[in-house]
Amino acid sequence: MRVPERTTKRVALAGAFLLVFGVTTVTFAQAVSGHIAAMQAPSADVTAVDYEVTDDGLDVTLQVHNPTTEAIAVPVAQVNAYVDDEMVSEGTSTRLDGVAVDSGATQNVTVPLDFRDGGLERLQTADAGQVEVRGQLKSKVVEETVYLSVDRTEVDE
Amino acid sequence: MSNSTSSGWSSDVERTSYSRRAGRFLVLAGSIGVLAGMGGFVYNSTQFLAADVDGRLLLVPMFAAGVFAHVLAPSLRQSVRLGIAGFFVGLAVFVGAWLAPLFVLSFPNAAIDLLLPSMVGDVASAAFLNYSPTYLSGYLLAVSTGAFVK
């Protein structure tokens, strides 16, 4: 019975294997964490908590809770304001620069909207409880796009 | 590698005790499979990597796992066994990691029923289109090269 000797070649092979294995493990951990976070992200709580009429239009405040292990970036909001199902904001998507909600954090995100013609007057004559905010946030978990929908829509000023 | 026969089909290592051979085989097949499976997963989830890495570079772990299955085996017989076992262990790791969120995140059963078919479809096509060809080409290239280079 003879067991092969620990030659230089065998040590080099084992070293090469461990090197490739180690680097792959690090990237794998990153990828798995992102994969799980991206699947969990749609269950994030997004609630419209407030709105405010400004000189430029309407600022809607959304409270976003991120339950995942990764930060969620929110580059685009596809959100609109309605009074009795009638849209009062312009209806386009809003670009938000540098907005991100950290892992496990709850954060307010302000979405500036423009009014469509007559929208401001319609909003000002609305009663409390008539105003709704609906839509979704087009978000990113690392580079993966996920959509977070606005859960509770009725807002008071 | 020290071979007792001219074909290299078997080696002196195989004369060691059964449990020792089986243990060595399981460790090697497990390590090679885990490497291949992790490589397969990473190659198909590049959107989650913080660093901007060339996609072709991410084929290396799968390819290397195939090569290691041959070069770490003491004989050609062991190489075939390791090659096949590593392939299937890797496939299990890849598919397991891909589907894991469904079971880790306590999705309701209705959501699992809805998501599972599409996720199985995604991982099956990835397994056929990039995992299998890359791992097997690494393995077969190592075997073919080994036939000429001692």
For region A:31-50, check the following and say yes or no: at least one residue is more than 14 Å from chain B (Cβ to nearest Cβ), outside any strand (DSSP E or B) and charged (D, E, K, R). no
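Please pick out the residue among B:GLY55, B:GLY86, B:GLY90, B:GLY66 that is under 25 Å from A:ALA31 (Cβ atoms), more than 11 Å from chain A (Cβ to nearest Cβ) and more than 18 Å from the chain's Cα centre (by Cα).
On the way: B:GLY86 fails: more than 18 Å from the chain's Cα centre (by Cα); B:GLY90 fails: more than 18 Å from the chain's Cα centre (by Cα); B:GLY66 fails: more than 18 Å from the chain's Cα centre (by Cα).
Checking each option against the conditions leaves just B:GLY55.
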Does region A:113-136 hold any residues that are within 13 Å of A:VAL150 (Cβ to Cβ) and either among the small types (Gly, Ala, Ser) or without any contact (Cβ under 8 Å) to a residue 40 or more places away in the chain (or both), and which are they? A:GLY135
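How many residues does region B:123-150 contain that are in a helix (DSSP H, G or I) and more than 18 Å from the chain's Cα centre (by Cα)?
So the first thing to find is which residues in region B:123-150 are in a helix (DSSP H, G or I), and the list is B:123-148.
Pick out the ones that are also more than 18 Å from the chain's Cα centre (by Cα) and you get B:144-148.
Residues meeting the conditions: 5.
Condition check: in contact with a strand residue (DSSP E or B) (Cβ under 9 Å, 6 or more places away or on another chain), within 22 Å of A:GLY119 (Cα to Cα) and of a type outside the set (Gly, Ala, Ser). Does A:ASN80 satisfy that? Full working, then the answer.
On the way: in contact with a strand residue (DSSP E or B) (Cβ under 9 Å, 6 or more places away or on another chain): yes; within 22 Å of A:GLY119 (Cα to Cα): yes; of a type outside the set (Gly, Ala, Ser): yes.
Yes; evaluated as a whole, the condition is true for this residue.
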Of all residues in region B:43-52, how many are hydrophobic (A, V, I, L, M, F, W, C) and more than 8 Å from chain A (Cβ to nearest Cβ)? 1
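Looking at region A:61-87 only, could you name the residues that are in a strand (DSSP E or B) and within 19 Å of A:ARG122 (Cα to Cα)?
Of region A:61-87, the ones in a strand (DSSP E or B) are A:61-65, A:72-83, A:86-87.
Listed by number, the residues that qualify are A:VAL79, A:ASN80, A:ALA81, A:TYR82, A:VAL83, A:GLU86, A:MET87.
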Give just the number: which of (1) within 10 Å of another protein chain (Cβ to nearest Cβ); (2) free of Cβ contacts under 8 Å to residues at least 40 places away in the same chain does A:ASP55 not satisfy? (1)
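Looking at the structure I just gave you, is B:VAL120 surrounded by 13 or more Cβ atoms within 10 Å (Cβ to Cβ) and away from chain A (no Cβ under 13 Å)? Step through it out loud before you land on a result.
Numbers: surrounded by 13 or more Cβ atoms within 10 Å (Cβ to Cβ): yes; away from chain A (no Cβ under 13 Å): yes.
When the stated conditions are applied, B:VAL120 passes them.
Let's see how each residue does on (1) closer than 30 Å to B:LEU57 by Cβ; (2) within 12 Å of another protein chain (Cβ to nearest Cβ); (3) surrounded by 15 or more Cβ atoms within 10 Å (Cβ to Cβ); (4) among the aromatic types (Phe, Trp, Tyr):
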| position | (1), (2), (3), (4) |
| --- | --- |
| B:ALA97 | yes, yes, yes, no |
| B:PHE107 | no, yes, yes, yes |
| B:ASP113 | no, no, no, no |
| B:ALA126 | yes, no, yes, no |
Please work out if A:GLU70 is surrounded by 16 or more Cβ atoms within 10 Å (Cβ to Cβ) and free of Cβ contacts under 8 Å to residues at least 40 places away in the same chain. no
State yes or no: is B:ARG20 more than 7 Å from every other protein chain (Cβ to nearest Cβ), modelled with pLDDT under 95 and over 14 Å from B:ALA65 (Cβ atoms)? yes
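Out of region B:63-122, which residues are hydroxyl-bearing (Ser, Thr, Tyr), over 20 Å from B:ARG20 (Cα atoms) and assigned to a helix (DSSP H, G or I)? Show your work before the answer.
As a first pass, look at region B:63-122 and keep what is hydroxyl-bearing (Ser, Thr, Tyr): B:75, B:79, B:106, B:118.
Then keep just the ones that are over 20 Å from B:ARG20 (Cα atoms); that gives B:106, B:118.
Correct list: B:SER118 only.
Among the candidates B:ARG77, B:ARG81, single out the residue that is surrounded by fewer than 19 Cβ atoms within 10 Å (Cβ to Cβ) and touching a residue at least 60 places away in the same chain (Cβ under 8 Å). Write out each step before concluding.
Values: B:ARG81 fails: touching a residue at least 60 places away in the same chain (Cβ under 8 Å).
Being surrounded by fewer than 19 Cβ atoms within 10 Å (Cβ to Cβ) and touching a residue at least 60 places away in the same chain (Cβ under 8 Å) holds for just one of B:ARG77, B:ARG81, which is B:ARG77.
Which one is farthest from the other protein chains (Cβ to nearest Cβ), of the residues in region A:1-16 that are modelled with pLDDT under 60 and within 18 Å of B:LEU28 (Cα to Cα)? I'd like the intermediate steps shown before the answer.
Within region A:1-16, the subset modelled with pLDDT under 60 is A:1-5.
If we keep only those that are within 18 Å of B:LEU28 (Cα to Cα) too, we end up with A:3-5.
Values: A:VAL3: 7, A:PRO4: 5, A:GLU5: 8 Å.
The selected residue is A:GLU5.
The values are calculated or read from the model by the stated rules, or taken from the named source; none is laboratory data. The structure displayed is predicted, hence computed values, not measured ones. All Cβ positions, even for glycine, are placed from backbone atoms using ideal geometry, and neighbour counts span all protein chains on display.
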